[in-house]
Amino acid sequence: MGGTGTLKAVLFDRDGTLVVDVPYNGDPQLVRPMDSARPALEKVRRAGLATGVVSNQSGVARGLLTIGQVEAVNQRVDQLLGPFDVWEVCPHGPGDGCGCRKPAPGMILSACRALGIRPSEAAYVGDIGADMQAATAAGARAVLVPTDVTREEEIDAAPLVAQDLWHAIELLLAPVEEAPPLLAAEPGLAAEPGRAAVEDVPA
C-alpha cells in the first residue's frame with residue numbers, strides 16, 4: 001500500500017461528510033455527494049492512500065431501516081464516490097453497549113485491521129464530535145468538517161478543523177512545514193447556542 005509519509009489511509013464518516021445528510025436514509029436515489037467530495041477523494045487516491053467509510057446506522061436498531069436498505073445506500077455511495085477499500089457500519093443503538101458505535105473506536109480499529117495498517121497510519125474525517133472522539137480513541141488522526149449540526153464546543157475541541165473535504169485532505173497531505181492554516185471557527189458553522197446536534201444522524 002502506498003501513502004504519504006506515515007499516512008496510509010483516510011477514512012470518512014458517511015452522512016454529513018461524504019454525502020448530504022438525509023436522516024435515516026434508506027433510499028439510494030436520495031444520495032447526493034457533498035460539494036467537494038469527488039475531488040477530495042480523487043486527491044487521496046492519487047496520493048496512493050486507501051479510502052474507507054465508517055458509519056453509525058442506528059436506524060437499523062430503531063426499526064427505521066433494514067440492513068438491506070443501508071447496504072443499498074452504501075452501494076450508491078460507492079457508485080458515486082468509490083470504490084472504497086473498506087466499509088464499516090454499526091447497526092446498533094445508543095443503549096446497546098457495543099464497541100463499534102462511534103464515539104467508540106471499534107469500527108476505525110476494524111477498518112485499519114482490514115487494510116493491514118496501524119491506526120496511527122490512518123486519518124478519520126467527520127462532521128461531529130463523536131467522529132473526533134472515535135478517531136482519537138483509536139489512535140488515528142482526526143479532522144472535523146463542520147456542518148450546520150456541528151456544535152460550537154465540538155469545533156473548539158477538534159484537533160483539526162477544515163472548511164470542507166478538500167481543505168481536510170490538504171491539511172492531511174501537506175508537509176508539516178507547508179500545512180495550510182487551520183480554519184478558524186466561523187459564525188454559522190456551529191449550531192445556535194442551546195441547540196442539540198443531530199445525534200450521529202443517521203446514527
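General remarks:
- In the stretch 23-71, the C-alpha radius of gyration followed by the widest Cα-Cα span (Dmax) gives 14.0, 40 angstrom.
- Whether the stretch 84-140 is rounded, prolate or oblate, judged on the alpha carbon gyration tensor where a/c under 1.5 counts as rounded: prolate
- Relative contact order %, the stretch 74-182, counting alpha carbon pairs below 8 Å whose residues are six or more apart: 17
- When all alpha carbon pairs of the stretch 1-112 are counted in 10 Å bins from zero, the resulting P(r) reads 14, 45, 32, 8, 0 %.
We did not get these values from a lab; they are worked out from the coordinates using the rules stated. Fair warning: this is a prediction, and the values are worked out from it, not measured in the lab.
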